[in-house]
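The values are calculated or read from the model by the stated rules, or taken from the named source; none is laboratory data. Only a predicted model underlies this, so the values are computations on that prediction, with no experimental measurement involved. For neighbour counting, all protein chains shown are included, and Cβ atoms are generated from backbone atoms with ideal geometry for every residue, glycine included. The protein model used for the area step is the full one, side chains on, heavy atoms only, and it has no ligands, DNA or RNA in it. Shrake-Rupley method; radii C 1.70, N 1.55, O 1.52, S 1.80 Å.
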Amino acid sequence: MRRFSIRKIFAIAALVGISGTGVSAQDQIRVVGSSTVFPFATAAAEEFGNTTDFKTPIIESTGTGGGLKLFCAGLGSTHPDIANASRRVKQSELDLCRKNGVDEVVEIKIGFDGIVLAASKNAAPMQFSLRDLYLALAAQIPAPGTEGGAGNMIANPHKTWNQVNSNLPDLEIQVLGPPPTSGTRDAFNELAIEGGCKTFAGMKALKKSDGNAYKAYCRGIREDGVFVEAGENDNLIVQKIQANEQAVGIFGFSFLEQNEDVIQAYPISKDNKAAQAPTFDAISDGGYPISRSLFVYGKKAHVGIVPGLQEFMAEMVSENAAGDLGYLTDRGLIPLPEGERTQYQNAVEQLINMTLD
Amino acid sequence: MTDRSKITTVNSSVPTDWKSDAMQARIGRRYRRERIFRSLGLAAVVISVLFLVFLLGNIVKNGAYGFMQTSVSLDVTFNADLLGDPSVLSAEEFTEKVRKTNMLRLIQASMRDLFPDVKGRRDTRALLRLVSTGARAQLRDMILANPSLVGNTERVELLTSDDIDQVIKGNIDITLAEANRKVKDKELSWLKTLQDDDRISLDFHSQFLTGGDSREPELAGVWGAIVGSALTLMVTLVTAFPIGLFAAVYLEEFAPKNRFTDIIEININNLAAVPSIVFGLLGLAVFLSVMGMPRSAPIVGGLTLALLTLPTVIIASRASIAAVPPSIRDAARGLGASPMQVVFHHVIPLAMPGIMTGTIIGMARALGESAPLLMIGMVAFIVDIPGSINDAATVLPVQIYLWADSPERAFVEKTSAAIMVLLFFLIAMNGVAIWLRQKFEQKW
């Protein structure tokens with residue numbers, strides 16, 4: 001009897017082996033890319049599956065860089081049809097696409113996302129300029145009294161907010177943010193830290209003379225424990241700043257919207273303008289300085305082969321989804337101005353091949 | 001010297017004076033040490049139990065409501081002008097028409113009867129958003145299943161949106177100032193009206209156990225992930241078990257003992273401790289890139305997890321084969337059995353309980369893995385329930401990870417509820433392992 005059971009196991013194994021050999025043709029849209037766009041792409045996919053006869057697209061959260069790498073790896077059913085990105089595609093990535101036969105890519109922008117700095121409702125209210133953020137969080141800053149530049153950099157000595165700016169309270173600097181693998185972190189480094197860095201004349205001059213050194217100084221985040229990498233999970237950061245009133249968290253706008261009752265966002269100012277809180281309108285009209293665009297890239301060569309591809313891209317820029325009152329807006333996406341959205345609707349309809357200008 | 005003389009007195013023929021102070025102190029010390037040792041042991045047990053109770057308590061507290069969902073009863077008129085008349089149209093035409101109809105208009109009509117004062121686009125939209133977006137599909141399926149509804153008015157239970165559900169469950173603090181909460185006063189007053197009318201109810205939500213994933217917490221279910229886990233584990237079992245068993249039998253019974261087999265043995269033991277993400281990278285390189293298998297499919301996930309479980313299966317199988325007494329082999333050999341007959345008729349059947357226990361524990365570990373699946377595309381949003389090992393699928397731990405990362409507050413309880421489902425399966429598998437061991441255990 002026991003011998004029989006072993007025989008049975010082999011029979012099952014053989015059966016499974018046979019059934020496993022028939023690889024089915026692709027009939028479903030496959031999407032990879034940014035974890036920031038993921039909540040929006042999945043919502044659009046579900047709506048698309050519910051309201052059309054096409055299958056619900058499969059969305060993977062791989063991060064922007066990883067997603068574009070998969071996207072550009074080639075044409076055919078083993079490669080994804082769409083890549084989501086929380087930044088614009090780079091020339092190097094497009095070159096990779098071209099090399100692998102992905103010649104024509106349709107680009108759409110679905111909206112904006114704000115990166116917020118927030119703390120517990122019980123924390124002291126503060127507001128920062130981009131320069132404050134740079135002086136608080138960069139690994140190296142210009143020595144006091146200088147305007148920066150190659151010879152004038154010192155390791156960031158600041159421990160409290162009032163050392164950074166005397167208008168800020170005497171509280172320890174503790175910032176929780178995403179790790180370097182995250183698109184949110186890339187955007188924060190570029191928009192906030194570099195934005196503050198550029199306000200020093202010496203650094204601006206350095207950009208012209210030595211671009212690499214400039215980048216290293218202006219995008220390097222300190223690693224002495226003041227900035228804590230709290231993982232890709234934004235919910236975790238929200239929970240941590242609720243528990244610790246001194247800590248400031250960095251995450252996407254949709255998480256602020258869902259947790260307005262327990263956390264407050266700090267207003268941010270740029271170029272001596274008035275500080276602006278991250279509100280829907282301020283991010284939409286560009287008044288809030290740390291916001292970025294969210295992109296979706298589709299393979300033109302797959303249109304007509306993968307059912308529903310063009311229709312799904314159209315869904316993502318439709319009035320019903322990404323319009324002012326669309327369901328993606330309900331989830332925290334900041335919509336494009338009407339004119340720009342129709343421009344991208346047109347790009348999907350005509351399948352216009354993108355160019356980086 | 002004095003010490004030694006003391007000891008000799010104690011050991012001499014003079015009876016020990018148990019009542020003396022020195023002796024009493026010594027006895028006291030012994031008892032004290034005993035007590036301290038025991039209380040330390042007890043404290044260790046209590047601490048681990050407390051951690052476990054805290055962890056489980058927290059999950060159960062958060063997750064219990066995940067199995068419940070709020071619904072609202074509305075009197076829906078199935079308007080024949082909107083839906084088409086099934087007695088006039090053919091079955092296909094009717095289905096087509098119903099599919100094309102925007103069911104929100106039915107809900108809007110019944111809401112208008114309840115709240116005649118609500119006007120304006122924004123308010124109407126806010127009012128409609130009390131009801132889940134899944135209500136449209138719910139109504140559509142109802143009509144398609146029962147066309148005779150058209151023309152009638154029925155009281156229908158529809159799911160509410162996740163925000164309203166959170167208010168009913170007490171997870172949103174409605175005493176806060178209006179600006180600080182997601183659900184505004186206007187919505188609360190509508191909710192109050194519905195509650196006074198006895199239209200709101202909180203019931204067991206079977207869709208959580210039978211549905212696929214969704215971006216709406218009230219529609220999300222774990223069934224897709226359970227099926228995905230089952231398909232993946234099936235592939236893992238049929239790959240890892242035979243390969244592991246043969247490797248173990250060969251290494252234990254037939255392989256010569258030399259440097260080469262020693263190296264293999266050390267490597268197998270080391271593999272058991274390799275971080276699981278490494279197996280994911282291997283899976284990506286071998287199964288997806290070289291063999292061109294489909295991304296996100298349970299077949300690839302199962303094979304990758306089989307690599308992960310193989311060392312466990314081999315080590316457990318070898319241990320239980322080695323535990324079969326040599327006398328059994330000698331007796332079989334003495335009666336003329338060939339080496340293969342010895343193994344298949346005697347050694348393996350006797351070692352089976354241990355082999356199965358090891359395999360099931362390996363399977364339980366595979367069930368809880370998510371890191372290796374990240375690399376092969378199983379960390380994905382997949383709505384459809386997978387039908388075969390080639391369909392795109394996700395697994396329970398991945399589902400938990402994805403929900404824990406979602407911004408909507410209502411996913412917190414769904415996450416904990418999914419953890420409870422996963423724990424149930426883990427406990428069940430370990431229970432089977434224990435039962436098998438008890439049932440087939442041999443004593444020599």
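Suppose the filter is open to solvent by less than 10 Å² (accessible area, probe 1.4 Å), over 25 Å from A:LEU328 (Cβ atoms) and not hydroxyl-bearing (Ser, Thr, Tyr); does A:ALA136 pass it?
Here the answer is yes, as A:ALA136 does meet what is asked.
Of the residues in the range B:300-342, how many are within 14 Å of chain A (Cβ to nearest Cβ), of a type in the set (A, V, I, L, M) and open to solvent by 40 Å² or more (accessible area, probe 1.4 Å)?
The total comes to 1.
Among (1) assigned to a helix (DSSP H, G or I); (2) at positive phi, there is one condition B:SER296 misses while meeting the rest; what is its number?
(1)
Which of (1) within 14 Å of chain A (Cβ to nearest Cβ); (2) surrounded by 14 or more Cβ atoms within 10 Å (Cβ to Cβ); (3) over 24 Å from the mean Cα position of the chain (by Cα) is the odd one out, the single condition B:GLY280 does not satisfy?
(3)
Go through the range A:217-241 and report how many residues are assigned to a loop (DSSP other than H, G, I, E, B), within 10 Å of chain B (Cβ to nearest Cβ) and open to solvent by 50 Å² or more (accessible area, probe 1.4 Å).
Residues flagged as assigned to a loop (DSSP other than H, G, I, E, B), within 10 Å of chain B (Cβ to nearest Cβ) and open to solvent by 50 Å² or more (accessible area, probe 1.4 Å) within the range A:217-241 amount to 1.
Given the criterion more than 25 Å from B:VAL432 (Cβ to Cβ), in contact with a strand residue (DSSP E or B) (Cβ under 8 Å, 6 or more places away or on another chain) and either surrounded by 21 or more Cβ atoms within 10 Å (Cβ to Cβ) or in the same structural domain as B:GLY228 (by TED's automatic domain parsing) (or both), identify the matching residue among B:SER296, B:SER289. Steps first, please.
Details: B:SER289 fails: in contact with a strand residue (DSSP E or B) (Cβ under 8 Å, 6 or more places away or on another chain).
Unique residue meeting the criteria: B:SER296.
Right, A:ILE173: touching a residue at least 40 places away in the same chain (Cβ under 8 Å) and touching a His at 6+ places or on another chain (Cβ under 8 Å) or not?
On the way: touching a residue at least 40 places away in the same chain (Cβ under 8 Å): yes; touching a His at 6+ places or on another chain (Cβ under 8 Å): yes.
Answer is yes for this residue.
Would you mind telling me which numbered condition in (1) within 13 Å of chain A (Cβ to nearest Cβ); (2) of a type outside the set (Val, Ile, Thr); (3) assigned to a loop (DSSP other than H, G, I, E, B); (4) open to solvent by 10 Å² or more (accessible area, probe 1.4 Å) B:GLU369 fails?
It is condition (1) that B:GLU369 fails.
Got a sec? Which of A:SER284, A:SER293, A:SER254 is of a type in the set (Gly, Ala, Ser) and surrounded by fewer than 18 Cβ atoms within 10 Å (Cβ to Cβ)?
On the way: A:SER284 fails: surrounded by fewer than 18 Cβ atoms within 10 Å (Cβ to Cβ); A:SER254 fails: surrounded by fewer than 18 Cβ atoms within 10 Å (Cβ to Cβ).
Criteria check complete, one pass: A:SER293.
Take B:ASP384 and decide whether it is open to solvent by 10 Å² or more (accessible area, probe 1.4 Å) and either within 11 Å of another protein chain (Cβ to nearest Cβ) or in a loop (DSSP other than H, G, I, E, B) (or both).
Details: open to solvent by 10 Å² or more (accessible area, probe 1.4 Å): yes; either within 11 Å of another protein chain (Cβ to nearest Cβ) or in a loop (DSSP other than H, G, I, E, B) (or both): yes.
Answer is yes for this residue.
Could you check the range B:251-276 and list, in sequence order, the residues that are in a helix (DSSP H, G or I) and exposed (fewer than 15 other Cβ atoms within 10 Å of the Cβ)? Quick ask: steps written out before the conclusion?
From the range B:251-276, those in a helix (DSSP H, G or I) are B:251-254, B:259-271, B:276; that's our starting set.
Within the range B:251-276, B:PHE254, B:ARG259, B:PHE260, B:THR261, B:ASP262, B:ILE263, B:ILE264, B:ILE266, B:ASN267, B:ASN269, B:ASN270 meet the criteria.
Going by what's in this entry, would B:THR101 be described as closer than 25 Å to B:LYS184 by Cα and among the polar types (S, T, N, Q)?
When the stated conditions are applied, B:THR101 does not pass them.
Hey, does the range B:130-138 have a residue that's assigned by TED's automatic domain parsing to the domain that holds B:PHE94, of a type in the set (Val, Ile, Thr) and open to solvent by 20 Å² or more (accessible area, probe 1.4 Å)?
Start the filter on the range B:130-138 by keeping residues that are assigned by TED's automatic domain parsing to the domain that holds B:PHE94, which leaves B:130-138.
So of that shortlist, the ones also of a type in the set (Val, Ile, Thr) come out as B:131, B:133.
Cutting the leftovers down to open to solvent by 20 Å² or more (accessible area, probe 1.4 Å) gives us B:133.
There is at least one residue in the range B:130-138 that is assigned by TED's automatic domain parsing to the domain that holds B:PHE94, of a type in the set (Val, Ile, Thr) and open to solvent by 20 Å² or more (accessible area, probe 1.4 Å).
Would you check if A:LEU309 is modelled with pLDDT under 90, of a type in the set (A, V, I, L, M) and open to solvent by less than 30 Å² (accessible area, probe 1.4 Å)? Outline the logic, then answer.
Working: modelled with pLDDT under 90: no; of a type in the set (A, V, I, L, M): yes; open to solvent by less than 30 Å² (accessible area, probe 1.4 Å): yes.
No, not satisfied.
Which residue out of B:SER110, B:SER90 is surrounded by fewer than 16 Cβ atoms within 10 Å (Cβ to Cβ) and more than 39 Å from the chain's Cα centre (by Cα)? So that I can check it myself, show each step before the final result.
Working: B:SER110 fails: surrounded by fewer than 16 Cβ atoms within 10 Å (Cβ to Cβ).
Result: B:SER90 is the single residue among B:SER110, B:SER90 that is surrounded by fewer than 16 Cβ atoms within 10 Å (Cβ to Cβ) and more than 39 Å from the chain's Cα centre (by Cα).
How many residues does the range B:181-216 contain that are loosely packed, with under 13 Cβ neighbours inside 10 Å and either of a type in the set (A, V, I, L, M) or in contact with a Lys or Arg (Cβ under 7 Å, 6 or more places away or on another chain) (or both)?
0
Every residue in the range B:343-356 that is more than 10 Å from chain A (Cβ to nearest Cβ) and in contact (Cβ under 8 Å) with a residue 40 or more places away in the chain, please.
Here is the first cut: in the range B:343-356, the ones more than 10 Å from chain A (Cβ to nearest Cβ) are B:343, B:346-347, B:351, B:353-356.
Of everything in the range B:343-356, those that are more than 10 Å from chain A (Cβ to nearest Cβ) and in contact (Cβ under 8 Å) with a residue 40 or more places away in the chain turn out to be B:VAL343, B:VAL347, B:PRO353, B:GLY354, B:ILE355, B:MET356.
Among the residues of the range B:404-425, which ones are open to solvent by 40 Å² or more (accessible area, probe 1.4 Å) and farther than 30 Å from A:ILE263 by Cβ? Walk me through it before giving the result.
To start, the set of residues in the range B:404-425 that are open to solvent by 40 Å² or more (accessible area, probe 1.4 Å) comprises B:405, B:409, B:412, B:419-420, B:423-425.
Scanning the range B:404-425 gives B:LEU423, B:PHE424, B:PHE425.
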